[in-house]
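Q: Would you mind keeping the following structure in view while I ask a few things?
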Amino acid sequence: MSGPLTPSQTVGPFLAIGLPWPDGPWVVDEDAAGAITITGQVLDGAGEPVTDALVETWQAGPDGSFAHPDDPRGGGDAQFRGFGRCPTDAQGRYQIITLRPGPLPDPAGGTQAPHLDVSVFARGLLDRVVTRIYFPDEEAANAADPALASIADPGRRATLVAAVRPGGPPGEFRFDIRLQGGRETVFFDV
Amino acid sequence: MTAPVPAAGGLNLPRYERAEGVHPPLESPQYRSSLLRSPKWPLVPLAQGLTEVTGPLLGAERVTAADADLTGRHAGEPIGERIIVTGRVLDSGGRPIAGTLVEIWQANSAGRYAHRVDDHPAPLDPNFDGVGRCMTDSDGRYRFITIKPGAYPWKNHLNAWRPAHIHFSLFGRAFTQRLVTQMYFPGDPLFAQDPIFNSVPDPAARERLIARFDLAVTQPDWALGYQWDIVLRGPAATVFEPAGEHRGEHR
């Protein structure tokens, strides 16, 4: 057992009064150079939309840097917030407008494919669940990514890769989060 | 905190302990809402890398001093028992986490949230929205002035009532440290029947969700005081830490 940590409790059904920020979904402005949009639905084990969830994202900048003192490489663009936060709507949808993250060195060697870390909070979740969003047009990088490689089942692995709509605009991605059920999203223990 | 670990990739990263045995199991059948929302697959272990040991260091620019006083933002005073809630945000090594954003939300003194889906037939209070924010100081301390929230009924089971609580959201300084939880009040008779409070399996860990009444925080003729420290994941115990190095103190 760990030290005297404070246990998690659910955000409950009323998180919308306390946690959303007016600018939460906009990690960058929509008209920023290179801006992308990640949209998706949060779904429960019955396939019903989860309309009272909060999705948060955290990621490197486009050059793979973090403006954070624990990034030993230094650097990082302090103007890039890196953090997105969006409550789900009446259809269970969220949207994050951001920049594509760069690849990262893996502490065990090798390279991590571009990804966003995601926390999902909701009524019914007694602790957050954590997943990652990868990009569908990074096939070579994804194939070499240590976290993806740790998931043996290709169907499970695929739940971590965002989709593009055929013929859709290049900067628009879809990433649904299935908390439970047949195509349950892979969730990580960090 | 979080002494560097030399790694094959040439990165010296902090490493955070795992919170084993502390948090509630995601599937807790007594809490009905967890049944369709908890993953069935086991969580996949993820080695902590750059994305996990960093995190948003934000908030100072989005918080004003008035945000910590939930009683002072409206035309009149809210109804209820005025309280001061204060404590420190620490890591499990006991080091303060300075300059981190703390967000709270709560019901009013009648047990009603200022939220459109709360249909509890108790009055709204035009002088209370139940939302607060502050940044911890250099000692990791936060402090809110608010009113004591009321208990309220919910539909989990017949005659289910939530004990009075305040929701807390914490960032710490790394993605691994992110925590959302609830603070309870001492001696609440509703603990025994509450599946959310009791979802924490370890009784000692459960007790850590309960604030302590503190006469030293209490202000004469004005407000009762409660102390509640929040402990986030700290450095992994096996990591060697050089003497005198306390990386947790910088921001």
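Read the figures in this text as sums done on the coordinates, not as results from a lab. Note that the structure is predicted; figures quoted are calculated from it, not measured. For neighbour counting, all protein chains shown are included, and Cβ atoms are generated from backbone atoms with ideal geometry for every residue, glycine included.
Q: Please get the size of the charge dipole for chain B, origin at its Cα centre, with Cβ charges of +1 on Lys and Arg and -1 on Asp and Glu, quoted in debye to the nearest 20.
A: The dipole magnitude comes to about 520 debye.
Q: How long, wide and thick is the range B:90-213, going by the Cα atoms along their three principal axes, in whole angstroms, largest first?
A: 43, 36, 28
Q: Let me ask you something else. First obtain the Kirkwood hydrodynamic radius of chain A from its Cα pairs, then insert it into the Stokes-Einstein equation at 10 °C and 1.306 mPa s, and state the resulting D in µm² per second as a whole number.
A: Once the numbers are plugged in, D ends up at 91 µm²/s.
Q: How big is the gap, in Å, between the Cα center of the range B:178-222 and the Cα center of the range A:12-47?
A: 31
Q: What is the distance in Å between the Cα centroid of the range A:58-136 and that of the range B:111-153?
A: So the two Cα centres are separated by 30 Å.
Q: To continue, here is another question. Distances over 31 Å make up what percent of all Cα-Cα pairs in chain B?
A: Result for the distance tail: 31 percent.
Q: Given a cut-off of under 8 Å on Cα pairs at least six residues apart, what relative contact order in percent is computed for chain B?
A: With pairs under 8 Å counted, the relative contact order is 28 percent.
Q: Something else about it: Based on the Kirkwood radius over alpha-carbon pairs, what is the Stokes-Einstein translational diffusion coefficient of the range A:59-170 at 25 °C with 0.890 mPa s viscosity, in µm²/s?
A: 156
Q: Does a label point 7 Å from the Cα of B:Asp137, set along Cα-to-beta-carbon, have any residues of the range B:78-97 with amide nitrogen under 15 Å, and which are they?
A: Under 15 Å, as judged by backbone N against the label point of B:Asp137, lie B:85-89, B:96-97 of the range B:78-97.
Q: Stretch B:Asn12-B:His74 to full length: gain in nm at 0.36 nm per residue minus the Cα-Cα span?
A: That pair, B:Asn12 and B:His74, stretches by 17.4 nm at full extension.
Q: How large, in Å, is the protein assembly as shown by the Kirkwood hydrodynamic radius built from its alpha-carbon pairs?
A: 22.4
Q: Provide the FRET efficiency to the nearest 0.05 for the A:Glu48-B:Asp221 pair, computing r from the beta carbons and using R0 = 41 Å.
A: E between A:Glu48 and B:Asp221, to the nearest 0.05, is 0.20.
Q: Roughly how many debye, to the nearest 20, is the charge dipole of chain A about its Cα centre, given +1 on each Lys and Arg Cβ, -1 on each Asp and Glu Cβ, and no other charges?
A: Values: 14 positive and 25 negative charges, 69 e Å.
Around 340 debye, computed over chain A.
Q: List residues of the range B:129-157, by number, whose backbone nitrogen lies under 15 Å from a label position 7 Å along Cα→C-beta of B:Asp214.
A: B:136-146
Q: Testing the spin-label approximation: label points 7 Å from Cα along Cα→Cβ at B:Leu190 and A:Ala158. State their distance in nm.
A: 4.6
Q: Further question: Just the number, please: percent antiparallel of the DSSP beta bridges in the protein assembly as shown, rounded to the nearest 5.
A: So the antiparallel bridges in the protein assembly as shown amount to around 80 percent.
Q: Which net charge results when you count Lys and Arg as +1 and Asp and Glu as -1 among the other residues whose beta-carbon is under 14 Å from that of B:Arg212?
A: Working: positive: B:Arg88, B:Arg208; negative: B:Asp188, B:Glu207, B:Asp214, B:Asp229.
Once positives and negatives cancel, what remains is -2.
Q: Just for the range B:97-230, what percent of DSSP beta bridges are antiparallel, to the closest 5?
A: 95
Q: Whole angstrom only: what separates the Cα centroid of the range A:164-178 from the Cα centroid of the range B:20-93?
A: Here the answer is 30 Å between Cα centres.
Q: Give me the Kirkwood hydrodynamic radius of the range B:63-118, using the inverse of the mean 1/r over all pairs of distinct Cα atoms, in Å to one decimal.
A: 14.1
Q: Of all beta bridges DSSP finds with both residues in chain A, what is the antiparallel percent, to the nearest 5?
A: Around 80 percent of the beta bridges assigned by DSSP in chain A are antiparallel ones.
Q: What is the sum of charges around A:Leu99, taking Lys and Arg as +1, Asp and Glu as -1, for the other residues whose C-beta is under 13 Å from the C-beta of A:Leu99?
A: -3
Q: Add +1 for every Lys or Arg and -1 for every Asp or Glu among the other residues with Cβ under 9 Å from the Cβ of B:Val89, and state the total.
A: 0
Q: Please give, to one decimal in nm, the separation of the simple spin-label points placed at A:Ser150 and A:Trp21, each 7 Å out from Cα toward the Cβ.
A: 2.8
Q: If packing is taken as the mean number of other Cβ atoms within 10 Å per residue, what is the order of B:85-93, B:61-69, highest first?
A: Details: B:85-93: 22.8, B:61-69: 13.0.
Going by the mean number of other Cβ atoms within 10 Å, highest first, we get B:85-93, B:61-69.
Q: Could you work out the helix-only [θ] at 222 nm for the protein assembly as shown, with each DSSP H run of four or more residues adding -39,500 (n - 2.57) and the total divided by the number of residues, to the nearest 500 deg cm²/dmol?
A: So the calculated ellipticity at 222 nm is -1000 deg cm²/dmol.
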